[in-house]
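Below is one structure, written out as structure tokens; comments come after it.
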Amino acid sequence: MAVIRDVMPAFDLLQPSSAAEAQQLLEQNGADAWVMAGGLDSFDWLKDRIKKPKVLVDLSGVDELRGIRANEAGVEIGAMTTLTEIANHPEIKKNYGVLADAVSVVASPQIRNQGTLGGNISQDVRCWYYRGGWPCYRAGGNLCYADTPVGRNREHAIFGANRCVAVHPSDSVPALIVLDAKLVVQTAKGERVVDAEDYFVGPEIDITRINMLRPGDLLTAIRIPNTWAGAKFYFEKVRDRNVWDFPLMNVASAIKLSGGGSIDAIRLAVNAASPRPMRLKAVEDAVRGKPANAETGEMAGKMAVAGAVPLQFNAYKIPLMRNLVKRSIVGVQPPQQARNGLAGGPGGQEAA
Amino acid sequence: MSFLQWATSPWGQSVPIHIAWTLIWIAVIAGFCFMVMHALYLIIVKPPKRFAEQKSEAAAAGVPDRVPRHTLVARLFHWVMASSMLALLITAFLPKIGVQFNWVVYHWIAGLVLTASVLFHIVHASFFLDFWSIWPDKTDLVDAKNRVLRFFGKDAPPPSKFAKYPLENKLYHGAVMIAGLAVIVTGLFMMKRVETGILVRNPYLFSDMTWGMMYVLHGLAGVGFIALTIMHVYMGLRPEKLPITKSMIFGWMSRDFYLEEHDTARWAVKSTPPDTNRGLAANDGD
């Protein structure tokens, strides 16, 4: 249990200067090692003495993991690039605006200055029972404390719960999914590139992991192809406080419209609704070829929440998700073109 | 090394949460050790045949070529139970050794199949088969004592032939029964902890300590089944045991094997009217 705060357990601090060295150190130390990017997730765990690694591999000195590099195929973002850098980068803002929008609403400015894209993607779930050190399923125990009759589960999952009901908390991930981003992982066997949506692991597969990283693996870069560059984007995050809060839910869409305003191509993702980020493929298929208007958005919203199973205190997430999905389709149109347009814009005041 | 994993409950109580997963490997090693030791014993010591060739013509007279041993229903039960047990072992332990998949649903479904098959077996064996044939009797115990004495070179009368089941079979059945009941009872309660769509979930049914003990018992019986399964498969594949294994597939064993290994007085094979498909009615005890 978390009884001691602000006094971290002793560990060996390793500070590699290259990605290869970092990966080698992680491989050498296996499950004893903890990889630290910006430290915003790591220090919570360490100060609460819930995670007690023997070795901490600090990536802050690995310059090659930083920076945004545009190329013919798109753009490559180093995993250690800060969220502020991404939010302000002209190429990202111009062609991949959904990512700039998403990372600019992560937590607070100070956190965005320190937090990295790799860390935001790979952070652990924010369930307070789990992070409080309770012996829940995700911590290797045999119970989900949030999914009990009196468990505090207002922020938890309405989809994909399998013993654990915690949700994935990242804001950047839905944007990366709709941009068809590829995550580059260095493993002992070499480089592995996976689609952003396949990077995450649900509790039904492995309840103690949130992503595919195994001991010794290192997320080095995020590659965004130019397939969706310049498309119509929408991102919206709903949270309790408009600064410094995790999402109650967020939504991202990338849409290519025909001249007549119908949807030629679309990618749609939602996070904080399920233990792993959700790409809504069925909804994408259903709305393709239809006009990006309120009627289509309404249909998409209803379809998106089919099969949702609320917990004791989070039934509000169903209308929230329905409306966010609707807005993610209607919201890409200029207001005058969206017949029966929305009353509210991004900000979430009327989303639920 | 600890055999249990402990955690601190929200009330500060130290509670067991499950077995240490290293027990999986200990069970595997135990099963393979049994296999190797038994095989080496047979290869190196070359023990004499258990029973002298003494086929009584009188006893053999009424025995058909194919002696029925397991009814179709009993065989079906055995293979359904074996399949569900294999599914349970795979879904329980592969994820623990790194092969990740969506195992929970398959696990509890296999558990329900096992439970149903065992319930059926209890009724079937109690009312339709010779219930006592699978339990050790006085003769088994005397013979066991004599076999041990003879193994150590002491003077002891030769053991009598087996009834329908050798003592080893009966002891194995007993071990499987205890472990099986443990996993079934604890498993049914554990279904109250997960969403199944069948039971209303109630994680507060027991205290953390009781739940923890239940998980531990489930795990211990589970890893026990790893060793038991390895032993069972090994024995089933041994050349001298193949007639018994085949009888669990085809339902009968040969007249020669029956007479060689079994006491016709303890396991009587009775003729039945020819219009019943079975031809003969064995004293089924499956």
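The values are calculated or read from the model by the stated rules, or taken from the named source; none is laboratory data. Keep in mind that this is a model prediction, so the values were computed, not measured. Here Cβ is always computed from backbone atoms with ideal geometry, including for glycine, and neighbour counts include all displayed protein chains.
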Open item on the list: Every residue in the range A:23-40 that is in contact with a Gly (Cβ under 6 Å, 6 or more places away or on another chain) and among the charged types (D, E, K, R), please.
Closed with: A:27
- [ ] Could you list all residues from the range B:5-26 that are farther than 13 Å from residue A:140 by Cβ and within 31 Å of the chain's Cα centre (by Cα)?
- [x] B:22, B:23, B:24, B:25, B:26
Task: Residue tally, condition within 20 Å of residue B:180 (Cα to Cα) and either surrounded by fewer than 16 Cβ atoms within 10 Å (Cβ to Cβ) or within 12 Å of chain A (Cβ to nearest Cβ) (or both), over the range B:92-102 - done: 1
Task: All positions within the range B:171-187 that are surrounded by 14 or more Cβ atoms within 10 Å (Cβ to Cβ) and either β-branched (Val, Ile, Thr) or at pLDDT below 90 (or both) - done: B:176, B:183, B:184, B:185, B:186
Task: Among the residues listed as B:114, B:88, the single one being in contact with a Phe, Trp or Tyr (Cβ under 9 Å, 6 or more places away or on another chain), away from every other protein chain (no Cβ under 14 Å), buried (at least 18 other Cβ atoms within 10 Å of the Cβ) and closer than 29 Å to residue B:20 by Cα - done: B:88
- [ ] Identify all residues within the range B:170-214 that are away from every other protein chain (no Cβ under 14 Å) and more than 30 Å from residue B:232 (Cα to Cα); write none if there are none.
- [x] B:198, B:199
Task: Inter-residue pairs, beta-carbon under 6 Å, first within 18 Å of residue A:197 (Cβ to Cβ) and in the range A:279-308, second of a type in the set (Asp, Glu), 6+ apart - done: A:279/A:197
Task: Hey, residue A:241 in a loop (DSSP other than H, G, I, E, B) and free of Cβ contacts under 8 Å to residues at least 12 places away in the same chain or not - done: yes
Open item on the list: Can you pull out every residue in the range B:1-17 that is under 16 Å from residue A:148 (Cβ atoms) and surrounded by fewer than 19 Cβ atoms within 10 Å (Cβ to Cβ)?
Closed with: B:10, B:11
TODO: Could you grab me the full set of residues in the range B:128-176 that are among the aliphatic types (A, V, I, L, M) and out of contact with any strand residue (DSSP E or B) (no Cβ under 8 Å at 6 or more places or on another chain)?
DONE: B:129, B:134, B:141, B:142, B:144, B:148, B:149, B:156, B:167, B:171, B:175, B:176
Open item on the list: Can you find a residue that is at pLDDT below 85, over 30 Å from residue B:207 (Cα atoms) and either within 14 Å of chain A (Cβ to nearest Cβ) or exposed (fewer than 14 other Cβ atoms within 10 Å of the Cβ) (or both) anywhere in the range B:38-47?
Closed with: yes
Open item on the list: Just to be sure before I move on: is residue B:133 small (Gly, Ala, Ser), assigned to a helix (DSSP H, G or I), surrounded by 15 or more Cβ atoms within 10 Å (Cβ to Cβ) and at negative phi in the structure I sent?
Closed with: yes
TODO: Check whether at least one residue in the range A:97-112 is without any contact (Cβ under 8 Å) to a residue 24 or more places away in the chain and surrounded by 16 or more Cβ atoms within 10 Å (Cβ to Cβ), and report yes or no.
DONE: yes
Open item on the list: Here is a check on your reading of the model: is residue B:225 among the aromatic types (Phe, Trp, Tyr) and buried (at least 19 other Cβ atoms within 10 Å of the Cβ)?
Closed with: yes
- [ ] Select from the range A:207-219 the residues that are crowded, with 19+ Cβ neighbours inside 10 Å, in a loop (DSSP other than H, G, I, E, B) and of a type outside the set (A, V, I, L, M, F, W, C) and list them in ascending order.
- [x] A:216, A:217
TODO: Can you confirm whether the range A:254-270 contains a residue that is surrounded by fewer than 23 Cβ atoms within 10 Å (Cβ to Cβ) and of a type in the set (Ser, Thr, Tyr)?
DONE: yes
Task: Breaking point among (1) touching a Gly at 6+ places or on another chain (Cβ under 7 Å); (2) surrounded by 20 or more Cβ atoms within 10 Å (Cβ to Cβ), for residue A:50 - done: (2)
- [ ] Considering only the range A:135-170, state which residues are in contact with a Lys or Arg (Cβ under 6 Å, 6 or more places away or on another chain) and in contact (Cβ under 8 Å) with a residue 60 or more places away in the chain.
- [x] A:137, A:158, A:164, A:168, A:169
- [ ] Look at residue B:125 and say whether it is touching a Ser or Thr at 6+ places or on another chain (Cβ under 7 Å) and of a type in the set (Gly, Ala, Ser).
- [x] no
Open item on the list: Of everything in the range A:243-290, what is modelled with pLDDT under 95 and touching a Gly at 6+ places or on another chain (Cβ under 8 Å)? Give them in sequence order.
Closed with: A:262
Task: Odd one out for residue B:69, checked against (1) under 19 Å from the mean Cα position of the chain (by Cα); (2) at pLDDT below 95; (3) exposed (fewer than 13 other Cβ atoms within 10 Å of the Cβ) - done: (3)
